[in-house]
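The values are calculated or read from the model by the stated rules, or taken from the named source; none is laboratory data. Treat the numbers as computed from the prediction; the structure is a model and nothing was measured. Reconstructed Cβ throughout: ideal geometry from the backbone, glycine too, with neighbour counts over all protein chains shown. Side chains are part of the model used for accessible areas, which takes the heavy atoms of the whole protein and leaves out ligands, DNA and RNA. Shrake-Rupley method; radii C 1.70, N 1.55, O 1.52, S 1.80 Å.
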Amino acid sequence: MDLWTTLHGALSGGLVAPPLWAALAVIVLVLLVLGYTGAPLWLWALVGAAGLVGFGAPVWMLAVFGVLALVFNVPPIRQQLTRAVMGLMDKMGFLPAISATEKEAIDAGTVWVEGELFSGKPDFTKILAEDYPDLTDEERAFLDGPCEEVCRKTVDWDVMQRRDLPPEVWQQLKDDRFFGLIIPKEYGGLGLSPSANSAVVEKLASRSPTLGITAMVPNSLGPAELLIHYGTQAQRDHYLPRLARGEDLPAFALTEPGAGSDAGAISSKGVLFRGEDGEIYVRLSWKKRYITLAAVSTVLGLAFKLEDPDNLLGKGTKLGITCALVPTDAPGVKLGERHDPLGIPFYNCPTSGKDVVLKAEEAIIGGTAGAGRGWRMLMECLSVGRGISLPSSSSGGAKTMLRIASAHAVNRKQFGLSIGKFEGIEEPLARIGGIAYILEAARRYTNGGLDKGSKPSVVTAMMKYNATELYRMVLNDTVDILGGNAISRGPRNTTASAYTNMPIMITVEGANILTRTLMIFGQGAIRCHPYALKEMLAVEAGDVKAFDRAFWAHIGHVVRNATRGIVLSATRGLLAGSPVSGPTAKYYRKLAWASASFAFLADLAMGTLGGNLKRKEKLTGRFADIFSWMYLGSAVLKRYEADGRRAEDLPFVHWSMQYALHQIQQAFDGLYANIEVPGATWLFRGPIAAWSRFNRIAAAPSDDLGQKVAQAIQVDSPQRERLSNNLYVSADPTDALGRLEHAFRLVNQAQPVEKKLYKAIKAKQLPKKVHPAKLVAMAVEQGVITPEEADLLQRAELARTDAIQVDHFSLAEYMETSTHPHATAPEHGPMPVGDDMLATGDGALGDGAAGAPDATVTPTTSTAR
């Protein structure tokens, strides 16, 4: 009896003989190998035929199999089946319809490493090979020179009180070409790379949100960017040198009351007509809001819908969204008003225009040839800008908060101990340190792609959304740690402006809810998927051959990723391999596991929901989270390699990767609990969800790991400086951040001296309960410490005590600073302590610290840290 007959009989009888278990195992193994490796269809057919023959399948079954193999492997024959599938999908409206504006948004930009992560089988060797650029000597000189100087001239409290940057700062921004960072040198600009542009914004924003915003906006989406890429030569020759020198100040007017997230709904209108001189003119009318720099601008970039009722350009009467340059002194332009965005005094303004008439060839960006091309211009420029301005502000802000929070945690003492030693403070400190590491890694990695000319619209959307959301977490943690020092405004406050500015960052350049639910995955699923867009375009064009190639390759893609997901889940990623060895190798394997599962679920959702998927925003948001954290995790791994695999950085790498993978796991849990699959919903919400909870990709970072991160940033070390570089940190001990850092360094230097005193107390060489000042004097007398060490203790305590003070005003001063835009509060100097330099209740050697058991009291009674 042959194997086929034996197997058929055993299965029919409900029993499988032991030898046949081995045969079944071999079949399953072969299928898994074929699926896992993504074997081509002809190989499946060959293996299938060999298996049938080997098992002694009857002739009729071999004949049926042969016919099917022929149908699916010979394209001209298969295309007859494909035609029917294509027609059915078109009739059912299964594939989402793509509007003209959606198509331009999808087409705008390029696919970069995100395509690897979406594939289900990412090539991490390729991902690691991407650039992680540093600055050139010329770029570094600009940061260390003009950037440092303009930051020194800017005091954020003064900016907030005067409701503007100082005149000398405005002048330096113009003189040193801060408004021409991206303008090529041949037009008088600085011609900085995206990496350098990002670094400049990062440093300026670390000093003052208003300073950062004012400099970043002209170098993001706006007239300069649009002119560089799309302007006519005459337009570039006229405007770019003036913009670079600051003679012209630009603003870009896009948002309207009825067109925010849906920029395609703008109602601003332009109408072409022929003037009496025979020239073609455009008559513009608009009403815009939230336009940064508009009130002080000299040239307005305007987005509007263009009509050509007489078809003067021969392109039809409805030309669509167009961008134009409007001199703000043109008749009919209305400026001069401002919004008040949460009190942050950068210029943010409404503007309107009524019957503003300009020559079309001069006004329309790109001349009349640019008529109707505005939407693509906007999408391409926005896709780059999202990856630079706000991510760099967020990274710089997070690194600044790392310095502020860690310095305060060391300087502020309760129960005789620096509050950074309490686990309740260590927990948010670890998040601050870990997130700052992630953001800087992603900032530099993304800039590496932008420097090469990539325009990855999905990656930059990820960066805008995740960078600002993560920075919001960092700010919340920092404010919690600082307590009263964070909420008491004045010259000493280091967090209030950043905290107030945070919702603005969340809102602008594509509101975060929209960016997460629509752009990252909604558009990313089409843009990054290797076959989905090809299928849609083939159906739209009625191209059977193109659809045939894409559709059947898509089926193989799904099979491969389903198999990889099963195998990698069962082996916890061990079979995925890693391009590196050592302590980070496991993270590459887990990211590969996540990618396979993500890719399969994405296809499952697209296949079952079709065009309805983009309306399932809760699901697309969770897909966006997985996609984003795969990218952020890849950036972290690249940073570790680019930084030379420093062992001292491993706690930050481990924390960051475990946090990233835990976010991925939580998003998968949400998908399994909510995804609906016809006939199989129970499978995902039941067994698969249970398996996922049991076999987790990663848990959250442990308390011990978090402690290592928190302790590392509380030490005055080269590592802390390196991990929080490219900021403006004043050396002036009367500056807000400079004061904190000055005290932090002295307190760190004094810690070994304090340990000598503790050791002497424990050895009963010094008394346990005695006034701190007397204790120090006794320690000098008995030779426990030197006079120089006693002096260090005194200086450290003076600086520490001064650093934890908050501003206070007389009633008259308070009313003056609240009502007069140019008033400034008095600067309060060090708290006078006289001879009792160590006598404060929370001093370095207060009663709680003198006896070790008393130092274990949990600091829950403190109302302000």
Taking the Cα centre of the chain as the origin, how large is its charge dipole in debye, to the nearest 20, when only Lys and Arg (+1) and Asp and Glu (-1) carry charge on their Cβ atoms? 2380
The chain, relative contact order in percent, only Cα pairs under 8 angstrom and at least six apart counted: 15
How large is the helix-only mean residue ellipticity at 222 nm for the chain, computed as the sum of -39500 (n - 2.57) over DSSP H runs with n ≥ 4, divided by its residue count, in deg cm²/dmol to the nearest 500? -17500 deg cm²/dmol
Of the candidates L661, A680, Q714, the farthest towards the positive dipole end of the stretch 636-723 (Lys/Arg Cβ +1, Asp/Glu Cβ -1, centred on the Cα centre) is A680
Given charges of +1 on the Cβ of Lys and Arg and -1 on the Cβ of Asp and Glu, with all other atoms neutral, how large is the dipole of the stretch 579-674 about its Cα centre, in debye to the nearest 20? 160
Considering only A796, A498, H554, whose Cα is most displaced toward the positive end of the charge dipole of the chain, charges sitting on Cβ of Lys, Arg (+1) and Asp, Glu (-1)? H554
For the stretch 496-559, what percent of Cα pairs sit more than 19 Å apart? 53
Can you give me the Rg/Rh ratio for the stretch 587-737, using Cα atoms for both radii and the Kirkwood formula for Rh? 1.11
Counting all C-alpha pairs of the stretch 325-411, share separated by more than 23 Å (%): 56
At a probe size of 1.4 Å, how large is the accessible area of M160, to the nearest 10 Å²? 30
Expressed in angstrom and ordered largest first, the alpha-carbon extents of the chain along the principal axes are 105, 92, 44
Heavy atoms only, probe 1.4 Å: what % of the accessible area of the chain goes to carbon and sulfur, would you let me know? 58
So between R140 and H238, what do we pick up on full extension, going 0.36 nm a residue minus the alpha carbon distance? 32.3 nm
Grab the alpha carbons of the stretch 102-197, take their convex hull, and tell me the volume per residue in Å³. 200
Is any helix in the chain, taking whole DSSP H runs, at least 15 angstrom long along its axis by alpha carbon and on average at least 0.0 on the Kyte-Doolittle scale, and which ones? 18-37, 41-54, 59-73, 374-385, 389-411, 457-482, 496-507, 544-570, 585-609
List the residues whose amide H sits under 5 Å from the amide H of N348, counting only those 5 or more places along or on another chain, with H placed 1.01 Å from N in the peptide plane. L293, H339
Any residue on another chain or 5+ positions along whose placed amide H is under 5 Å from the amide H of G320 is listed here as L306
Considering only protein heavy atoms, what per residue accessible area in square angstrom results for the chain with a 1.4 angstrom probe? 41
Can you bin the stretch 427-533 into rounded, prolate or oblate? Criterion: square roots of the alpha carbon gyration tensor eigenvalues sorted a ≥ b ≥ c, rounded for a/c under 1.5, prolate for a/b above b/c, oblate for the rest. prolate
